[in-house]
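The values are calculated or read from the model by the stated rules, or taken from the named source; none is laboratory data. The structure presented is a predicted model; accordingly, all values stated were derived computationally and were not measured. As a convention, Cβ positions derive from the backbone with ideal geometry for all residues, glycine included, and neighbour counts pool all protein chains shown.
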Amino acid sequence: MQAETKHKFDVDDPIFEVRNASVTFDMERGESKVMDSIDIDVDRGEILGVVGESGSGKSMFASALLDAVPKPGVLSGEIQYYPEDGEPVDLLDQSESEIKEIRWEEISMVFQGAMSSFNPTMTIGDHFEETLQAHGRDISEGMEYADELLSELYLEADQVLGSYPHELSGGMKQRALLALSLLLEPEVLVMDEPTAALDLLMQRSIIELIRDIGEERDLTIVFITHDLPLVANLADRIGVLYAFEFVEVGPAYDILTDSKHPYTRALLNSTPNLDTPREEMRPIEGKSPDPVNVPAGCSYHPRCPLSDENCVQNDPPFQSDDGDTDHQAKCHYIEQTRREIPLNLQEVEYSE
Amino acid sequence: MSETDHVVSLDDVRVHFEPESGLFARDDDVVKAVDGISLDIGENDVVALVGESGCGKSTLGKTAIGTQRPTEGSVSYRGQDIWEARDGDSDAEIPYETIRRSLQIIHQDPGASLNPNKTVLHSLMVPLKLTEPDLNTFDRRDRVHEMLSRVGMEPPKDYANRYPHQLSGGERQRVALIRALLMNPDLIFADEAVSALDVSLRIDMMDLMLELQDQFNTSFLFVSHNLSNASYITGKADGRIGVMYLGELVELGPIDEVIQNPQHPYTKALMWAAPNLNPDAAEDTTGTPLRKIDVPDPRNPPAGCRFHTRCPNAREACKQTPPETDVDADGDHKVACYRAIDDHEYWDSPELSD
């Protein structure tokens, strides 16, 4: 019993355990909390989609998993990493050299606008060799693996390795970077808007490749984006960020078809989708909150159609109305949201 | 419909970019960004162009509003050839100045198109000085305030005195939209105008564009790589959608017809890429519908149907250029693909595989 209640949202074999993690910046206007006491577990081998609008703290969450929060930001709380074999690692309690070893070898990353992270004066192949060298790996063995990765990503290995970054298109660069991030066979891949600058067709193609590669290698993937439809068909579970904290976490299917938080439902209703009747789409009223001045109580209350005095006063805990502990939302009126805020995609199905 | 009824009419337009001439320049380095496209845009029309980066959609848009000179073919505004007027043809019925004012653009990056050193008020007074020189400063300021509150930037006095960096991405895009509208244009070319915005803000911005279209009698040429966005804005306005691939228009038609009855395999690929929020509908759509992920080099596009190197349905016959074919009886919906011709030899030719 003890073990079951320990993990969040029914995760049984966590690779990450994040507890009470916050990121704060001191600003002239006051302390800015860009990540607010987050508790979440990431399951080994899953694809976790993290969705949030600009300024919801999603990039901070990505950086926190690598203990790479940019200065002068301060990361507090606890982030435990459980490698496949070996002792658990307290990520926030490592020396600089220890954390550097974990990054890339154990936990790898592809960040937004990552195409510019290639050095323009080096060929793509040089980047691969340098990475192998820096981590003390066998170069020829490593380059063989690089060839394999590149061709799985539909790239001509010889041509790409011999090219300079500017000679490749955006989509090719992004795939080469994906191969580079997997070169040292990490257990976890953290991706922050990895496809945002690309065409939709290329984004979808890369998503398919990520899915295949992840499955084949038992990778754990944390995929962070503002684009809910993009992860809809990729993730096993989805966490929705609003105002620097998770407001809903659950299996992807349940989040899309039966979401419990008013914000998630509003987000779904405001997303352009070929199948949704155009007349039904609704923008979300109001603005996202300022990190220095997050509303008291439930942070979504100024925009929420269901909010009342209770929401203004009290911050709701995570709860579930139907006993499903794997799908929970932070809302006082969780049992009313489905009735009060219908999902327009669902209506299509009912009326058909 | 006579030619003068169209706001803008493109006739067999080609835009070829040649490399800087020099010792090492070769003829085959010419990029055919737009290669033989005809398109008419009427009053209060909404047309969306979709396609991948490098397909020439932005170049075509710039050509339509007269900021890019076509290498071949003609572009006319209400029957007047834009480039003849520009080159000082004394017979021009409509002066070039008028044409330029009537055709406006909203850029993809709203931040970069506003002067960072000028307030919103200042940036928006400039077009008013041109279009309504009789107004005094106070009247102009009132007009700007009125427009700001019309696009939901309340209180307008507060917003008017801000600098671009004090606005969010959505607010900057609204300011760019107002600036274009204050020129009283007949056509606004919106180049990926909502792509940089958060997903949840996009329909808000598109609704605003359509609402203002009604009030200002403007046509929109909307360019996007995202079919969901393009179908939203054209669908609400009963507009048309054009699908571009490597400089050519491969399918054109009323939005609902194209979405419900897509003919070109490339249109189908773009529809596959438009993510579906319905997990039940999406299950059978895994696996890319393309044979190759990357777009071929535009300097050296494949012969015949340019899509044949990536097309899942390509056959030997596709190495010839397919003609433009009517899909429906009234000729609104056109496609350039042999698959639209029932009795073509395509159906008997061997499939391409590589």
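Among the residues making up the stretch B:203-229, those that are polar (S, T, N, Q) and closer than 17 Å to B:R179 by Cβ are B:Q213, B:Q215, B:T218. Taken over the stretch A:238-256, the criterion of being part of a strand (DSSP E or B), over 12 Å from A:E53 (Cα atoms) and within 13 Å of chain B (Cβ to nearest Cβ) is satisfied by A:I238, A:G250, A:P251. Conditions: (1) within 13 Å of chain A (Cβ to nearest Cβ); (2) assigned to a helix (DSSP H, G or I). B:F307 meets all but one. Number of the miss? That leaves (2) as the condition not met.
Working only within the stretch A:264-291, note down all residues that are under 21 Å from B:N276 (Cβ atoms) and either in a loop (DSSP other than H, G, I, E, B) or aromatic (F, W, Y) (or both). Within the stretch A:264-291, A:S270, A:T271, A:P272, A:N273, A:L274, A:D275, A:T276, A:P277, A:M281, A:R282, A:P283, A:I284 meet the criteria.
Checking B:P298 against (1) under 19 Å from B:K32 (Cβ atoms); (2) touching a helix residue (DSSP H, G or I) at 6+ places or on another chain (Cβ under 6 Å); (3) within 14 Å of chain A (Cβ to nearest Cβ); (4) not small (G, A, S): exactly one of these is not met. Which one? Result: B:P298 fails condition (2) only. Taking the conditions (1) modelled with pLDDT of 90 or more; (2) within 22 Å of A:S22 (Cα to Cα) in turn, A:P289 satisfies each one other than (1). Helices (runs of 4 or more DSSP H) fully within the stretch B:241-302 that include at least 3 residues being surrounded by fewer than 18 Cβ atoms within 10 Å (Cβ to Cβ) and at pLDDT below 85: B:279-282. From the list B:E43, B:E84, B:E97, which one is free of Cβ contacts under 8 Å to residues at least 12 places away in the same chain, away from chain A (no Cβ under 14 Å) and within 22 Å of B:T218 (Cβ to Cβ)? That would be B:E97, the only listed residue that is free of Cβ contacts under 8 Å to residues at least 12 places away in the same chain, away from chain A (no Cβ under 14 Å) and within 22 Å of B:T218 (Cβ to Cβ).
Just the residues that are assigned to a loop (DSSP other than H, G, I, E, B) and in contact with a helix residue (DSSP H, G or I) (Cβ under 6 Å, 6 or more places away or on another chain), please, taken from the stretch B:87-113.
Within the stretch B:87-113, B:A92, B:P110, B:G111, B:S113 meet the criteria.
Among the conditions (1) within 30 Å of B:R310 (Cβ to Cβ); (2) in a helix (DSSP H, G or I); (3) more than 15 Å from the chain's Cα centre (by Cα), B:I233 misses just one, which is (3).
Check every one of the helices (runs of 4 or more DSSP H) wholly within the stretch B:119-196 and list those with 3 or more residues that are crowded, with 18+ Cβ neighbours inside 10 Å, at pLDDT 90 or above and on the phi > 0 side of the Ramachandran plot.
Those helices (runs of 4 or more DSSP H) do not exist here; none qualify.
Table: residues versus (1) in contact with a strand residue (DSSP E or B) (Cβ under 8 Å, 6 or more places away or on another chain); (2) over 26 Å from B:V75 (Cα atoms).
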residue	(1), (2)
B:Q104	yes, no
B:P110	no, yes
B:T119	no, yes
B:S123	no, yes
B:P127	no, no
B:D134	no, yes
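Of all the listed residues (A:L200, A:L180, A:L153), the sole one being more than 9 Å from chain B (Cβ to nearest Cβ) and more than 18 Å from the chain's Cα centre (by Cα) is A:L180.
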